[in-house]
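Heads up, the thing below is written out as structure tokens.
Values quoted throughout were computed directly from the atomic coordinates according to the rules given, and no laboratory measurement underlies them. All of these numbers come straight from a predicted model, not from anything done at the bench. Reconstructed Cβ throughout: ideal geometry from the backbone, glycine too, with neighbour counts over all protein chains shown.
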Amino acid sequence: MEIPRDDLVAMYAAMVKIRYFEERIREIYLDDKLPAFDIAAGRIPGEMHLAAGQEPVAVGVMPHLKDGDAITATHRPHHIAIAQGVDLQQMAAEIFGKDTGLGHGKGGHMHLFSIHPEFGCSGIIAEGMPVAVGAALAFKKQGSDNVALSFFGDGAANQGAFHESLNLAALWNLPVVFICEDNRYAISVPKEASTAIADNSDRASAYGMPGVLVPDNDPVAVYEVAREAIARARDGGGPSLIEVETDRLWGHFEGDMDAYRSDEFKAAMAERDPMKTYPARLLSEGVLTPEEQEQLIKEAHAAVDEAIAFAESSPYPRPEDALLHVFA
Amino acid sequence: MTTLTERKLTTQKAIAEAIAQEMEADESVFVMGEDVGVYGGIFGATEGLLDRFGPDRVMDTPISETGFIGAAIGAAINGMRPIAELMFVDFFGVCMDQIYNNMAKIHYFSGGNVKVPMVLTTACGGGYSDAGQHSQTLWGMFAHLPGMKVVVPSNPYDAKGLMIAAIRDDNPVVYMFHKGVLGLGWMTPNPRAIGPVPEEPYTVPLGKAAVAREGTDVSVVTVGLTVHRALDAAETLEAKGISTEVVDLRSLVPLDREAIVASVRKTHRLLVVDEDYRSFGMTGEVITTAIEGAFDYLDAPPARIAVPDVPIPYSRPLEQFVLPDADKIVAGVEALMAG
Ligand SMILES: Cc1ncc(C[n+]2csc(CCOP(=O)(O)OP(=O)(O)O)c2C)c(N)n1
Ligand SMILES: [Mg+2]
């Protein structure tokens, strides 16, 4: 099936926005912590898991979403939130711990929650999977044709919640799509040292649902597979599992020495960086002109810069506001 | 003996050395957990062990906490002495059944016949904006559940001795190290996280508190990183003419109730400081212990400083508001002295 030009370009625009956002966050995060790295210091303290390289998984899925669809994501959530259209300013403000943030500074970068669009994430591995199942259960009970998407890492597929969620989703024939971001590492542990089979997509068959492996870190490949899975879920055809082989270009978290991955591995990743390969293809196929590309980059960067300026200039919450929001 | 105590180590290195020495001495000791191998543990508790002992005895696991902690129980019952690392204590939620319904109860269920000699190591504590799923201490919850010992070292010497004692203990021991006492290069520097550690193996008995600083006017009873905060506060209070005794509990189970009572009988005033949630936790237990054992000695109602019952927030001003610190301890002691 043909892919509309608008979708091809929108995916690229989202990728540019994501990568630039991650670059700016990284720069600010590290800038405040050098020369002696102190995780507690600076404008953005704490752990920071960035998703540079994993843009195609997020942007390939989003063109198929519609209003009311729900997403659960992981400790590495920015690319997915940005692609879904979570308010960039409020998201940035949350990462800076500001009162104008999505959670008034209570959650931080691993705990971003948005109502419109419906997005949530968690620092506990595989924690969002059953929640996506529950969102899909609600949609089914309410008779809507909304779907839920659960993003998770290759490491999460060895957690009990993964297996329980797939079984429930299939048992109850729910409109949920599980999307595995297989970057082949869970911190320092390579997938082959943690996972008894080669491809997590094969695990789908154990739960009676379709499982598809996308071996390329390519938005178009993700787009095509996601289109089918999401349409099936929307039409009452039940859940599916998609596994995308992708790349985490940077360390597990900022400050990670990343000594467990070889120089060759890192060089190969840089070589196939989708931020190089995808626009090259759009340009060579005439989908995009260099002028349009330049304009698109300018707009994406401006949106990110504006969001970060908003975050930086926003006030911190009052200390005693820590006591608010425990109960509704 | 002085030569033996010259060498200084960080708490993190002291823990790793303790594990290495016990692995050297006892073939049945082995380690498993996420990133304990090549990475050496996210908090360095297993640093250097993979190179020394190889992947059969230093096992990186999948992210399957119920699986590998349950497997540690099975191995412990069958002649091994496993050390299983739960990377952050906050992750207990995915595996607590194995911990409290199995690890902690099998000995009792078997009428004392089956032993579960294992150590569950885990990192805890906040103060560096890691938010509500990576900053909790939760030791009060583990201590509440019968059947497991709960150890919380505050300094390098104790960390090594308590670890060796934990490994040699025939009971399950939850060994909870606060990230702020480890002396990690990527955390805010803490001069109290480095100190003299003898090279040879030694034990610090589980269930014996330490008087970290002698004093006569008030007892501050605490555990973990807040021992350091209390020692800092005691210096400030000294300058104000208040003599503060700081009691480091070192373990919550067994709890050294005698040490609590003895200190309160001496100073007549008690402030309990805890980085755990306030209600239903350590502060209540220590205060009750003091009331039961030293009621007639108290010159003022015991007081406490703990995390008000909210999750740990991310943003710095919010987090600093809820965590105990030296200033809050100084203010708490001054209020006690005035009362
Ligand atoms: C239950 C639980 N166990 C362990 C961790 C610590 N941890 C955080 S991220 C991570 C690796 C996750 O790997 P993967 O799912 O592949 O995601 P990636 O980081 O590669 O994006 C681990 C072990 C956690 N957050 N939650
Ligand atoms: Mg991964």
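Bridging of residue B:115 to lysines at a Cα separation below 25 Å is possible for B:105, B:149, B:160, B:208, once same-chain residues fewer than 8 apart are set aside. Residue-wise HN-Hα couplings along segment B:322-339, as the Karplus relation 6.51 cos²θ - 1.76 cosθ + 1.60 with θ = phi - 60° gives them from phi, are 8, 8, x, 8, 4, 4, 5, 5, 4, 4, x, 5, 4, 5, 4, 5, 6, x Hz; Gly and Pro carry x. Excluding same-chain neighbours fewer than eight residues apart, the lysines reachable from residue A:141 by a Cα-Cα span under 20 Å are A:66. For the pair residue A:3 and residue B:97, a Förster radius of 56 Å applied to the C-beta separation gives a FRET efficiency near 0.75, rounded to the nearest 0.05.
Report, to the nearest 10°, how far helix B:257-267 tilts away from the longest principal axis of the Cα atoms in chain B, using its own Cα long axis and a range of 0 to 90°. That helix lies at roughly 20 degrees to the long axis.
List the residues of segment B:220-245 whose backbone N lies under 15 Å from a point placed 7 Å from the Cα of residue B:298 along the Cα-to-Cβ direction. Within reach of a label on residue B:298: B:220-221.
Taking a ≥ b ≥ c as the square roots of the eigenvalues of the alpha-carbon gyration tensor, chain B is classed prolate because a/c is 1.5 or more and a/b outweighs b/c. Close amide H contacts of residue B:58 (hydrogens built in the peptide plane, cut-off under 5 Å, sequence separation of 5 or more or a different chain): B:31. Each Cα pair under 8 Å and six or more residues apart adds its sequence gap; the mean of these over the residue count of segment B:210-338 is a relative contact order of 28 percent. Scalar couplings 3J(HN,Hα) for segment B:117-124, obtained by applying the Karplus form with A = 6.51, B = -1.76, C = 1.60 to θ = phi - 60°, are x, 9, 10, 9, 8, 7, 8, 9 Hz; x denotes Gly and Pro. A cut-off under 13 angstrom between Cβ atoms defines the neighbours of residue A:136, and their net charge, with Lys, Arg +1 and Asp, Glu -1, is +1.
Selection among B:45, B:10, B:20 by position relative to the dipole of segment B:1-58 gives B:10 as farthest towards the positive end (Cβ unit charges, Cα centre). Near residue B:95, no amide H atom lies under 5 Å from its own; only residues 5 or more places off or on other chains count, and H is placed 1.01 Å from N. Taking every C-alpha pair closer than 8 Å and separated by at least 6 residues, the mean separation divided by the residue count of segment A:189-291 gives a relative contact order of 23 percent. Size check on chain A: the Cα extents along the three principal axes, sorted descending, read 54, 51, 40 Å. Principal-axis analysis of the Cα atoms of chain B puts helix B:282-294 at an angle of about 60° to the longest axis. In this rough spin-label picture, where each label sits 7 Å from Cα along the Cβ direction, the residue B:78-residue A:258 distance is 4.1 nm. Put in line by how crowded their Cβ is, counting other Cβ atoms within 10 Å and starting with the fewest, B:148, B:96, A:11 read B:96, B:148, A:11. In this structure, residue A:284 and residue A:173 have a Cβ-Cβ separation that, at R0 = 45 Å, corresponds to a calculated FRET efficiency of about 0.55.
Averaged over its residues, how many other protein chain Cβ atoms are within 10 Å of peptide A:84-97's Cβ atoms?
The shielding value for this peptide is 1.
Extending 7 Å from Cα along the Cβ direction at residue A:206 and again at residue B:57 yields two label points whose distance is 3.2 nm. The simple Förster model, with R0 at 25 Å and r as the Cβ-Cβ distance, assigns residue A:328 and residue B:144 a FRET efficiency of 0.40.
Annotation: amide H of residue A:68 within the under-5 Å range of A:118, sequence separation 5 or more or interchain, hydrogens built in the peptide plane.
The GluC sites (Glu not before Pro) of segment B:127-236 that DSSP puts in a loop, and whose beta carbon has at most 16 other beta carbons within 10 Å, are B:199, B:214. Mean separation of Cα pairs under 8 Å and 6 or more residues apart, divided by the residue count, gives chain A a relative contact order of 23 percent.
Computed 3J(HN,Hα) for segment A:17-24, one whole-Hz value per residue from the Karplus formula 6.51 cos²θ - 1.76 cosθ + 1.60 where θ = phi - 60°, is 4, 4, 4, 5, 4, 5, 5, 5, glycine and proline marked x. Shielding of peptide A:185-197 by partners, expressed as the average count of other chain Cβ atoms within 10 Å per residue Cβ, is 4.
Rounded to the nearest 10 degrees, the angle from helix B:65-77 to the longest Cα principal axis of chain B is 80 degrees.
Taking other C-beta atoms within 10 Å as the exposure proxy, B:107, A:109 rank B:107, A:109 from fewest upward. The GluC sites (Glu not before Pro) of segment A:253-328 that DSSP puts in a loop, and whose beta carbon has at most 16 other beta carbons within 10 Å, are A:285. Exposure proxy for B:135, A:188: other Cβ atoms within 10 Å of each Cβ, ordered fewest to most, give A:188, B:135.
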